[in-house]
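See below for the structure under consideration.
The values are calculated or read from the model by the stated rules, or taken from the named source; none is laboratory data. The structure displayed is predicted, hence computed values, not measured ones. With ideal geometry, Cβ positions are generated from the backbone for all residues, glycine too; neighbour counts draw on all protein chains shown.
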Amino acid sequence: MNSFSNLNSFKTPTNKTVVTIGTFDGVHIGHEFVLKKVIELAQINDYKSTVLTFFPHPRMVLQQDSSIKLLNTIKEKENLLSEIGIDNLIIHPFDLEFSRLSAEEFVKDVLIEKLNVGIIIIGHDHRFGRNRTANIDDLIEYGIEYGFEVQEISAKEIDDIAISSTKIRTALLEGNITTANNYLGYNYFMSGKVVHGKQIGRTIDFPTANIEISEDYKLIPKNGVYIVSSEINNTTYFGMMNIGTNPTVDGLEQKIEVHFFDFNADIYNQDITVQIHSRIRDEKKYNSLDELKVQLQKDELTSRIFIKNNL
């Protein structure tokens, strides 16, 4: 897959494109239905399958909503779309200037001149242009005028996508990993750098890798203990992850810490991805580190049984 950081860096292809536009947060099974349709039509017509998405999220710019949390970072989304088989991904910076393009400017300057669109697949409720004044009927009219086809994603399909996204976010915030993973079609994952922590885990024989996620917009699941896995140096390691403040030692900041089973290597400053398989329990404050150690031993047993039976 070819990935571009803005429309200007995208060289207009000689082949026409099949284009779809959206945030595609999560790249979940609802999105996959649309994306496979894009790929199929591109193959049939000898076009290039192309996704146009935006960052920051339009709500962050237009509503100045800094509280919005996303299921994927830009890099994660890029990897997921590449796995599906999209030819071109354009992640265009969304700003006020771009939002002020008129509907006709968007069609002429973006769809025609930059993307060389042959077919656009878009939701029935899609609105575009300055103040979102144009709708799919307007887009169909532009298609007739400029010579491209508009294929509509039905109301039911759009609702399924929207419901899935909402349910995934809700499930993660409630700690319901099974529901989230079912809607995603893959295990929810988080990527970050292994950084130094207080190394308290070492004192009770449960050393942890502290994961620092630099993207503050990434959605972090509910605090608690989870069964996880990571690919490290081409080997899959299982373990358990705690998301929380470490109340037993009077911690204040939320931390993400992973204890890998049967693992003893220095991975400081490495970037790793943690896949989440299941949730064991809520985070709890214990009266002592010894009491915490006993609980972690129970958690490890629970995790190993789950891994043996399910993974």
Please go through (1) among the aliphatic types (A, V, I, L, M); (2) within 26 Å of Asn182 (Cα to Cα); (3) assigned to a helix (DSSP H, G or I) for Ile44 and return the number of the only condition it doesn't satisfy.
(2)
Could you list, in sequence order, all residues of the range 40-59 that are touching a residue at least 12 places away in the same chain (Cβ under 8 Å) and either assigned by TED's automatic domain parsing to the domain that holds Glu212 or not hydroxyl-bearing (Ser, Thr, Tyr) (or both)?
Leu41, Ala42, Asn45, Asp46, Lys48, Val51, Leu52, Phe54, Phe55, Pro56, His57, Pro58
I want to confirm something. Restricting to the range 151-161 and keeping residues that are in a helix (DSSP H, G or I) and touching a residue at least 12 places away in the same chain (Cβ under 8 Å), which single residue is surrounded by the most Cβ atoms within 10 Å (Cβ to Cβ)?
Ile161
His126 is checked against (1) part of a strand (DSSP E or B); (2) closer than 30 Å to Leu96 by Cβ and fails just one. What number does that condition carry?
(1)
Is there any pair linking a residue in the range 287-310 that is surrounded by fewer than 14 Cβ atoms within 10 Å (Cβ to Cβ) to one that is modelled with pLDDT of 95 or more, with Cβ under 8 Å and at least six apart or on different chains, and which?
Asn310/His277; Asn310/Ser278
For the structure I just gave you, tell me whether Val34 is at pLDDT below 95, of a type in the set (A, V, I, L, M) and touching a strand residue (DSSP E or B) at 6+ places or on another chain (Cβ under 8 Å).
yes
Only one of Ala171, Ala162 is modelled with pLDDT of 90 or more and either of a type in the set (Gly, Ala, Ser) or over 21 Å from Thr73 (Cβ atoms) (or both); which?
Ala171
Every residue in the range 72-95 that is of a type in the set (Asp, Glu), surrounded by fewer than 17 Cβ atoms within 10 Å (Cβ to Cβ) and over 21 Å from Ile168 (Cβ atoms), please.
Asp95
Condition (residue is in contact with a Gly (Cβ under 8 Å, 6 or more places away or on another chain), at negative phi and exposed (fewer than 15 other Cβ atoms within 10 Å of the Cβ)) applied to the range 194-212: is it met by at least one residue?
yes
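Per-residue answers, yes or no, for (1) modelled with pLDDT of 95 or more; (2) under 25 Å from Val274 (Cα atoms):
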{"residue": "Val19", "(1), (2)": "yes, no"}
{"residue": "Arg59", "(1), (2)": "no, no"}
{"residue": "Ser82", "(1), (2)": "yes, yes"}
{"residue": "Asn88", "(1), (2)": "yes, no"}
{"residue": "Glu97", "(1), (2)": "no, no"}
Do the conditions hold for Ser165, that is, is it touching a helix residue (DSSP H, G or I) at 6+ places or on another chain (Cβ under 8 Å) and crowded, with 16+ Cβ neighbours inside 10 Å?
yes
When residues of the range 237-275 are limited to those that are among the aliphatic types (A, V, I, L, M) and not in a strand (DSSP E or B), the one surrounded by the most Cβ atoms within 10 Å (Cβ to Cβ)
Ile267
Filter result (out of contact with any strand residue (DSSP E or B) (no Cβ under 8 Å at 6 or more places or on another chain) and either within 13 Å of Val274 (Cα to Cα) or crowded, with 21+ Cβ neighbours inside 10 Å (or both)) within the range 171-180:
Ala171, Leu172, Ala180
Across (1) in contact with a strand residue (DSSP E or B) (Cβ under 8 Å, 6 or more places away or on another chain); (2) within 26 Å of Ser214 (Cα to Cα); (3) surrounded by fewer than 20 Cβ atoms within 10 Å (Cβ to Cβ), His124 clears everything bar (2)
